[in-house]
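Read the structure below first, then the notes.
Taken together, the values in this text are just the output of simple stated rules run on the coordinates, not laboratory data. No experiment lies behind these values; they were computed from the predicted model shown. So basically every Cβ, Gly included, is an ideal-geometry build from the backbone, and we count neighbours across all protein chains shown.
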């Protein structure tokens, strides 16, 4: 048995001496690693790093990780369509966009993530999921779990306990999936419900499903037990020792360049800017004094920025110069409440200081910002 | 032997310099004036249809989700071309060839078929078509240093353009650390290696934000001794600068600042500066800080500055006023909504504390905490950012002494506070003592504010802060 510290030393020396991250020849079919971090961006960065830098020809990798509360959307999804961004901001829940396809998931410490790294040729999702089911059944034989042809794992033929996504590159590929152990279902359902209306886009939509925690089925189960069972099954199938190496995603020496990968995943340009082109077409009902104003809004958003903006206001409600200034300011800006707020409040500074006007303006702008 | 053919096409365009070779097997001449990083666009290359390769799992069709290139772009082998999606799997398609993209066969959201053409690439005929496997086979070079280098059983991956650059500079590819995908050696890696040899400092590459900006010097192997006299001295062969100007539109926070400051330009500003002895205030704050902490509030100096300003405005209400568009009327604002300039990641924002005239110092501290946490999270609302009547900017937290702040319309005055420094001063007895000195720089609208008013307001504000106990007399 090789000691963990010695293993890390060897890995380190391998990385420093040769440009390619390689593994010592004593290790065989599979390597099991677990992240010590609960930061979704750092963990996604580890996936990127392994995908970009590791030679998976001789050795496949299983990566185990858990995140503190976060919503993770698929590569080609629209966050406005998929979740309640206002609620996320309020509750300080992070939003991340992963590089693999598929739908939106909610992560917290009660949900475990498994990533199977292989070469492109050996990419095989069904095998991986069957491995997970086998591990679960070995742990609790009475569990009714099976894999569907949509690559979901269902409990009791009804409840989804795992969702899958994958990323294929030139020479390597990875398949990752979630496993619901003991996640907060209440928060899950509230954050994954989008309040935004009038959105039209070709972004990949998520398919909502009823979910259940494995903990609900069997309260004796914990995340640690499940992680261990899966690692054991992986070790058996890959003829390697059942040993989990802990890695720290903040360790730049072990994973050179990881800090920048994590940083990139947090940029606005990646999280929001990668949203496929979409349009917003809705009607704001603004209650003002004794009446209700109908304001039609049409916006085209590309790369997360407002390309085209049309606001249909009844004439005379706002002076036309102010209205055109608003449209001009919003065009080209991020579809983001923070930026929009800054712009509209600035416009107020440079327009006639009339209380009545300010009230109407504030009402209109606040309603517009609610769309973001 | 590397052969470059010069065709006699009329449409040859040489962008930077030329690779002129005599097509004569016995003598090869390379003459160039400048270093080439990409071959010139010779439009008489061969067009190859790059087909969508097998995705695996029996998948026959995918949806094109994003193009990384457009028609006319040049690509190198292994550059990413597009992202396609199939059934929860996102696939990055990379180029098999070096060349220029001539045609995209699909638009975004189209269904693409495995085995059918994805893009047309025009490749430089002299380079030939790279084989199916992923390892690069380069045409054999005359220098024996540039045959396949094997590092511990792995071949070095580098495109022909990169190999040419290495050869020009007499660099062994095995000595260079590759930072590209699969440790491919990129042009930047050659440049960095060169910089270390010649000691030249290279400007950062334009793609610095994606590529790791620094290279660990420990990982770069030491330069072999025989290279020393072969590497050219920078003066004789300047390393080409690959940085480019970057133009982007002004949007968002920058746009907001452009609008505000352009309007501010119309205001005739005058400045008035002074220094304040905060020795007593520093002591007072030290005493009160723990009390505020017990109540769960962080107490800085700002609440004191803000409250003192409000007390001053009660005596000089013209500083809390607004001049209309045509300079016909002055409106004296009843509320003292004092703005606090905040520096966030995105840029400058100025939320304000409402009705300071009826707030205690503690109330102001609570409100400031709220605004600061919302501000750093980017969640300030419109009501927090509008309605300001007077502004203070504590630039001293970052640094500086005197400043020349710009008034934020529709206000008529603003104050910038420098950093607190410990300086020697003389007291009443003529002795030198340690004083905590802060500088203040006021700007005011000279159309309705005169120097005397500003000076008197400043003196009053100063007296409150130099002797905090005097604030007690006038606190409402």
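Numbers for the structure displayed
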read-out	value
For the stretch B:255-323 versus the stretch B:420-476, the gap between their alpha-carbon centres in whole angstrom	12 Å
Cα extents of chain A along the three principal axes, largest first (Å)	80, 50, 31
Cα centroid separation, the stretch A:243-259 to the stretch A:130-145 (Å)	31 Å
Isotropic mean projected area of the C-alpha convex hull, the stretch B:388-476 (nm²)	7.6 nm²
FRET E, pair residue A:232, residue B:70, Förster distance 51 Å, beta-carbon r, rounded to 0.05	0.55
Mean shadow area of the stretch B:266-473, taken as a quarter of the surface of its Cα convex hull (nm²)	12.4 nm²
Chain A: angle of helix A:125-139 to the longest principal axis, Cα-based, in degrees nearest 10	70 degrees
Diffusion coefficient, µm² s⁻¹, Stokes-Einstein with Kirkwood Rh over alpha-carbon pairs of the stretch A:279-372 at 25 °C and 0.890 mPa s	182 µm²/s
C-alpha long axis of helix A:40-53 to longest principal axis of chain A, angle in °	60 degrees
Evaluated at q = 0.13 Å⁻¹: base-10 log I(q)/I(0), Debye formula over Cα of the stretch A:215-372	-0.74
Cα gyration tensor shape for the stretch A:120-162, rounded if a/c is under 1.5, else prolate or oblate	oblate
Projected label distance in nm at residue B:250 and residue B:476, using a 7 Å step from Cα toward the beta-carbon	4.0 nm
Cα-based shape type of the stretch A:70-168, given that a ≥ b ≥ c are square roots of the gyration tensor eigenvalues and the cut on a/c is 1.5	oblate
